[in-house]
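Take a look at the structure below.
What follows draws every value from the coordinates through simple rules; no lab data is involved. Because the structure is a prediction, the values reported are computed rather than measured. Backbone-built Cβ (ideal geometry, glycine too); neighbour counts: all protein chains shown.
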Amino acid sequence: MNSITAPSQGQPGQVDSVADAVYRKVAWRLIPLLFLCYIAAYLDRVNVGFAKLQMQQALQFSDSVYGFGAGIFFIGYFIFEIPSNVLLHRVGAGRWIARIMVTWALLSAATMFVTSAVGFYAVRFLLGVAEAGFFPGIILYLTYWFPAARRGKATSLFLTAVAVAGIVGGPASGWILHSLDGVNGWKGWQWLFLLEALPSLLLGVLAWIYLEDRVKNAQWLTPQERELIARDIAAEESRKSDASMAGVLGNAKVWLLAFVYFTVVSGLYGVSFWLPSIIKAMGVSDPLRVGFVSAVPWAFGVVAMILVAHDADRRQEYRWHTAVSSLAAAAGLLISVAFHADVLLAMAGLTICTMGIMSALPVFWSNPTALLGGAAAAVGIAFINSVGNLAGFAMPWIIGLIKDATHSTDAGLQMLAALMALGAVAILALRKPASR
């Protein structure tokens, strides 16, 4: 590839094929590492759902205590989200993402030493502080390398890590609980927190070495390739708003998007934190079997996410794709409740729900990332993500309270379904989001 600009006269097909090759090269360079980083992040965030199978009885935690501890992570996350993302924008993605990963790995491992509810709350809060800025930082980082028309696919490939974490993490967590309980005098849940923190340490070092902060620093691209990407990104940035923090936070569209994301995250963490317990309540008691059964919804979620994101990019339409995906998730939750006595049908409902949630995530993020640019993107993306992730605090706790009161998760899942349906309506109220 000696020239990228030469074919521009009268040969649009050739230009497109050259650009496709360049962006494939970028994707192969960045997405695998970001993908692995997010698998590690998501496991360290939600493996408490599997630890609960042993930890709750060992430490005599009620469901509401567990739910509050699982969710308080997101309070620390919320408080430090915007400052963390602004610092990433200033000091560079590689160093800041590495810092985030190493500190959260240490804190996640420290959860193995928890002996009381207060200690559980403290380490989960600090874990949220440590991880603040990681996800919106990656979303922001992708805007440096991919224009909006190509970002949906890149984001979906990155976000499949959530589902893959469920596919891999479920059986792995179940095996650790099943096989290592009592080894070296430690409980299975303690081994779980220790072993699943180790990948984050290694990946944090790799992120420091491997992630360039900007296109201009990417020596693995030719000068012509860097020029093509820089030109595409600059053309897109010129059409975006770059406002002050007050301007971004005063934008009604930003608040609406934050609410929609709150509803999607409600479904995501409501299912993630409680899925092992729901499966156990269906009669699957062995932790290893729970792990394998829990992988099924996430496996279908990977396929649905990729297909929906591809269709959204092809049509250049993200509002209806987000809405329909959210409605599918709500329907799946209602099916799982209606047929909770039938393991097969209940799991089919949870699978539909997971497919809807995972499909909604990447297409949702194509809206704010194409709406905001520059420093406004750093602030706006962090704000939307931090408000949305308050659902990660509220929903596990509320479901725990409901389960303590009713001895069932059914009412909690029905509440999640209603919330996701409301989010679908809200995204449709956003006229021509992201200039679409």
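To the nearest 10 degrees, how steeply does helix 63-91 sit against the main Cα axis of the chain, on a 0 to 90 scale?
Taking the Cα atoms of the chain, the angle to 63-91 is about 20 degrees.
Would you mind ranking VAL164, VAL265 so that the residue whose beta carbon has the fewest other beta carbons within 10 Å leads the list?
In order of increasing Cβ crowding within 10 Å: VAL164, VAL265.
On full extension of the chain, what length is gained from LEU202 through ARG29, given 0.36 nm per residue of separation minus the C-alpha to C-alpha distance?
Gain in length upon complete extension: 60.5 nm.
Once you've got the GNM for the chain with C-alpha springs shorter than 10 Å, pick whichever of VAL284, VAL379, VAL260 has the biggest mean-square fluctuation.
Highest fluctuation of the listed residues: VAL284.
In sequence order, what are the phi-derived ³J(HN,Hα) couplings for the range 317-332 according to the Karplus relation 6.51 cos²θ - 1.76 cosθ + 1.60 with θ = phi - 60°, rounded to whole Hz, with x for glycine and proline?
9, 10, 5, 5, 5, 5, 5, 5, 5, 5, 5, 4, 4, 4, 4, x
Could you please report the charge total around GLY128, scoring K, R as +1 and D, E as -1 over all other residues with beta-carbon less than 12 angstrom from its beta-carbon?
Neighbour charge sum, excluding GLY128 itself: -1.
For the chain, take the longest principal axis of its alpha carbons; what is the angle in degrees between that and the long axis of helix 48-59, to the nearest 10 within 0 to 90?
With both axes taken from Cα atoms, the answer is about 30 degrees.
In whole angstrom, note down how far apart the Cα centers of the range 18-35 and the range 63-104 are.
Going from one Cα centre to the other spans 26 Å.
Helix-only mean residue ellipticity at 222 nm, the chain, DSSP H runs n ≥ 4 weighted -39,500 (n - 2.57), per residue, nearest 500. What is it?
Computed ellipticity for the chain at 222 nm equals -28000 deg cm²/dmol.
Suppose every K and R has +1 on its Cβ and every D and E has -1 on its Cβ; what is the size of the dipole of the chain about the Cα centre, in Debye to the nearest 20?
Result for the chain is approximately 660 debye, rounded to the nearest 20.
Would you work out the relative contact order for the chain, in percent, from Cα pairs under 8 angstrom that are 6 or more residues apart?
Answer for the chain is 26 percent.
Cα centroid distance between the range 272-340 and the range 154-208, in Å?
Centre-to-centre distance over Cα atoms comes out at 20 Å.
Which of ILE79, ILE209, ILE39 moves the most in a Gaussian network model of the chain with Cα springs under 10 Å?
ILE209
Quick one: angle between helix 252-281 and the longest Cα principal axis of the chain, in degrees between 0 and 90, rounded to 10, please.
Approximately 40 degrees, to the nearest ten.
Taking θ as phi - 60°, what are the ³J(HN,Hα) couplings along the range 167-178 by the Karplus curve (6.51, -1.76, 1.60), each to the nearest whole Hz, with x for Gly and Pro?
Rounded to whole hertz, the list is 5, 7, x, x, x, 5, 5, x, 5, 4, 4, 6.
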